[in-house]
Amino acid sequence: MAEVEEVDGPEFMADMGIVQLKAEDGEASLELELAPGHMSRANRAHGGVLFTMLDSTLGRAILSKLPQGRGCATVEMKINYFRPVQHGTITSHARLKEMTKRLAYAEGEILNDEGKVLARASGTFFLTEAMKQSDRERI
């Protein structure tokens, strides 16, 4: 396993066991060692776990190109699931593809230990002036 950086921010990410491998120059990678708590009733990684990883990885790729203190919020995201995964370590990779003054678009995928693609996603993110903003500012 590569040298990792603990994910900063919400306890939600840390509670899931997600670690950040990279977030620079419009690219980001996160890693998760699957555990029983990540599984669905069908004993495979829950789709929400994969979605969360991709949403976070796409967002971090965008944040890596923004000035310190700025933020982003997901406007929409599309995900395609290709194959199930039941064990091992999964890694998500994302790339910033386009950025305007107010919006950014990124794409990414999750791979299993064998390098097979589990899911791919694309998303549009609203760029904010600050990392944290009130609900009113997002309307």
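Output the 0 to 90 degree angle, nearest 10, between the alpha-carbon long axis of helix 47-63 and the longest principal axis computed from the alpha carbons of the chain. Taking Cα atoms only, the helix is inclined about 40 degrees. Computed extension length for Thr124-Gln68: 18.1 nm, one decimal, from 0.36 nm per residue of separation with the Cα-Cα distance subtracted.
Charged neighbours of Lys116, selected by a Cβ distance under 13 Å, balance to -1 (K, R count +1; D, E count -1).
Sequence-distant contacts, meaning Cα pairs under 8 Å at least 6 residues apart, place the relative contact order of segment 5-138 at 24 percent.
Counted by neighbouring Cβ atoms within 10 Å, the residues Arg44, Arg60 run from fewest to most as Arg44, Arg60.
Ranking Ile62, Val75, Leu96 by Cα position along the charge dipole of the chain, where only Lys, Arg, Asp and Glu carry charges on their C-beta atoms, puts Val75 farthest toward the positive end. Ranking of His38, His46, His93 by neighbouring Cβ atoms within 10 Å, starting from the fewest: His46, His93, His38.
Between amide H atoms placed 1.01 Å from N, distances below 5 Å from Val85 occur with Ala45, all of them 5 or more places distant or on a separate chain.
Throughout, read-outs are computed from the coordinates displayed, never taken from laboratory work. Treat the numbers as computed from the prediction; the structure is a model and nothing was measured. A quick note on method: Cβ atoms are made from the backbone with ideal geometry, for glycine too, and the neighbour counts reach across all protein chains shown.
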